[in-house]
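Peer 1: Supplied in structure tokens, the structure appears directly below.
What follows is calculated from the coordinates using simple rules that are stated; it is not laboratory data. The structure presented is a predicted model; accordingly, all values stated were derived computationally and were not measured. Counting neighbours? That spans all protein chains shown, and the Cβs are built from the backbone with ideal geometry, glycine included.
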Amino acid sequence: MRLLVLFGGRSAEHEISCISAANVVASADPDRYEVVTVGITAKGQWVAPAGNGNGDPLVAAGAPVDSDALLASADVVFPLLHGPFGEDGTVQGLLELASVPYVGTGVLGSALCMDKAMAKRALGAVGLPQVRHVVLRDAAFDDAAFDETVLEHVGDELGFPLFVKPANLGSSVGVSRVSDEIELQRAVDLARSYDEWVVFEEAVVGREIECGLLGYPALRSSVPGEITPSRDLYDYEDKYKLGAADLLVPAPLHPAVASQVRKLAVKAGEALRVEGMARVDFLYEEGGRGLLVNEVNTIPGFTSISMYPRMWEASGLQQSELVDELVDAALARYEHRSGRVGRLR
């Protein structure tokens with residue numbers, strides 16, 4: 001089976017995508033797959049990556065490739081493009097148009113989960129518990145006087161400290177924890193440099209719990225994991241550079257709470273049209289509101305320290321088996337939908 005792994009991409013998470021791809025390629029069963037790796041540069045060009053494709057496809061550099069021919073020759077595509085232009089439904093739409101099976105969530109679910117503002121709206125519609133939040137478009141900050149009023153409103157509504165995030169990004173890129181209005185202005189400027197929509201969230205004193213989703217048509221959940229950051233914000237540096245955070249799999253939770261995590265994760269995935277794979281992130285406010293859904297990632301990290309493969313390993317799936325299940329889910333979805341597409345022609 002020819003498995004085409006897409007990595008790199010135009011988002012600020014380009015580097016993480018490259019590392020994820022290297023781990024997936026290393027885990028793919030060579031007796032089942034002929035793996036072809038294709039890098040997408042920060043400018044959007046599709047290239048043959050440096051390296052042999054079996055060990056370290058980390059640099060999206062090389063000769064340009066014919067994307068049409070590559071997609072036509074692939075049995076399954078595994079997109080590992082974190083963030084915008086990869087995780088947001090754009091590449092998924094391309095793969096739908098090319099009529100090729102691909103791993104992960106489809107166009108609608110990818111777009112919903114990528115946009116934190118719309119995801120919160122959809123999760124709220126089915127009654128899932130969430131942190132208090134405010135969503136604003138960048139136009140709200142164009143007038144200096146109105147800008148100050150807006151920030152005062154956010155502070156009054158959520159209190160300090162609070163978090164500021166670009167709506168469409170991951171790996172904690174562009175995220176700030178702020179303690180007053182002066183810091184709030186700088187955080188808004190940073191978030192706006194990545195996206196036109198800005199999400200403000202109350203700071204919750206709670207534990208960071210995660211749960212993996214897998215399968216098609218039904219989703220099943222992994223054992224939960226827990227992250228204990230080394231500082232106030234589990235940011236890009238803490239995740240990928242310092243390596244100081246404690247990653248606990250399984251999470252040390254009461255069995256009833258762990259069961260609730262798994263049930264809520266599936267419910268969140270269903271509300272956001274998740275298919276194939278996702279990671280659901282929670283905040284657990286012990287002694288207060290309990291579990292709060294924070295966000296859902298449809299292309300979770302596959303690095304050596306990433307929680308998604310670790311949670312499934314603790315659930316009984318080695319990473320090579322996880323790759324197999326993800327590919328099988330992609331093929332099942334393609335077969336399930338191909339008849340309907342044919343009737344539209």
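Peer 1: Once amide H atoms are placed 1.01 Å from N in the peptide plane, what residues at a sequence separation of 5 or more from Arg2, or on another chain, have their amide H within under 5 Å of its amide H?
Peer 2: Amide H to amide H, under 5 Å and 5 or more residues apart or across chains, Arg2 pairs with Glu34, Asp75, Val76.
Peer 1: Here's something else I'd like to know. Calculate how steeply helix 181-192 sits against the longest principal axis of the alpha-carbon atoms of the chain, using the helix alpha-carbon long axis, and give the answer as 0 to 90 degrees to the nearest 10.
Peer 2: 20
Peer 1: By the gyration tensor of its Cα atoms, with a ≥ b ≥ c the square roots of the eigenvalues, what is the shape of segment 2-102: rounded for a/c under 1.5, prolate for a/b over b/c, or oblate?
Peer 2: rounded
Peer 1: Same structure, new question: For labels at Asp246 and Asp66 in the simple 7 Å Cα→Cβ model, what's the distance in nm?
Peer 2: So the two model labels end up 5.6 nm from each other.
Peer 1: In whole Å, what are the extents of segment 133-202 along the principal axes defined by its C-alpha atoms, from largest to smallest?
Peer 2: 31, 24, 18
Peer 1: In what order do Ser221, Ser306, Ser179 fall by count of nearby beta-carbon atoms within 10 Å, going from fewest to most?
Peer 2: Least to most surrounded, the residues fall as Ser179, Ser306, Ser221.
Peer 1: Something else now. By count of other Cβ within 10 Å, fewest leading, how are Glu295, Glu13 ordered?
Peer 2: Final ranking by Cβ density, sparse to dense: Glu295, Glu13.
Peer 1: Please identify, among Leu184, Leu292, Leu253, the residue showing maximal mean-square fluctuation in a Gaussian network model of the chain using a 10 angstrom Cα cutoff.
Peer 2: Of Leu184, Leu292, Leu253, the Gaussian network model singles out Leu253 as fluctuating most.
Peer 1: Let me ask something else. For Phe163, Phe78, Phe7, Phe85, what's the fewest-to-most ordering of other Cβ within 10 Å of each Cβ?
Peer 2: If I rank by nearby Cβ atoms, fewest first, I get Phe85, Phe163, Phe78, Phe7.
Peer 1: Next up: Note the angle between two axes, namely the Cα long axis of helix 319-344 and the longest principal axis of the Cα atoms of the chain, as a number of degrees from 0 to 90, rounded to the nearest 10.
Peer 2: Relative to the chain, helix 319-344 is tipped by roughly 80 degrees.
Peer 1: Using only helices, what value at 222 nm comes out for the chain when you add -39,500 (n - 2.57) per DSSP H run of length 4 or more and divide by the total residues, to the nearest 500 deg cm²/dmol?
Peer 2: -11500 deg cm²/dmol
Peer 1: For the chain: lysine pairs with Cα atoms under 30 Å, gap of 8 or more or different chains, count?
Peer 2: Qualifying lysine pairs in the chain: 20.
Peer 1: Report for the chain the percent antiparallel among DSSP-assigned beta bridges with both residues inside it, nearest 5.
Peer 2: If we restrict to bridges inside the chain, about 75 percent are antiparallel.
Peer 1: Check which residues have an amide H placed less than 5 Å from Asn294's amide H, if you skip close sequence neighbours.
Peer 2: So Asn294 has HN proximity to Asp281, Phe282, Leu283.
Peer 1: Another question, then. For Ala42, enumerate residues with amide H under 5 Å from its amide H, sequence gap 5+ or separate chain, H modeled in the peptide plane.
Peer 2: Those lying under 5 Å, H to H, from Ala42: there are none.
Peer 1: For the chain, give the magnitude of the charge dipole about the Cα centre (Cβ charges: +1 Lys/Arg, -1 Asp/Glu; no others), in debye to the nearest 20.
Peer 2: The calculation lands at about 1180 debye.
Peer 1: Can you list the HN-Hα couplings for segment 219-225, worked out from phi with the Karplus curve (6.51, -1.76, 1.60; θ = phi - 60°), rounded to whole Hz and with x for Gly and Pro?
Peer 2: Once rounded to whole Hz, the list reads 9, 10, 10, 8, 5, x, x.
Peer 1: Still on this structure, please answer the following. Less than 13 Å Cβ to Cβ from Glu202, Lys/Arg counted +1 and Asp/Glu -1: what total charge do the surrounding residues give?
Peer 2: Overall, the nearby charge balance is +1.
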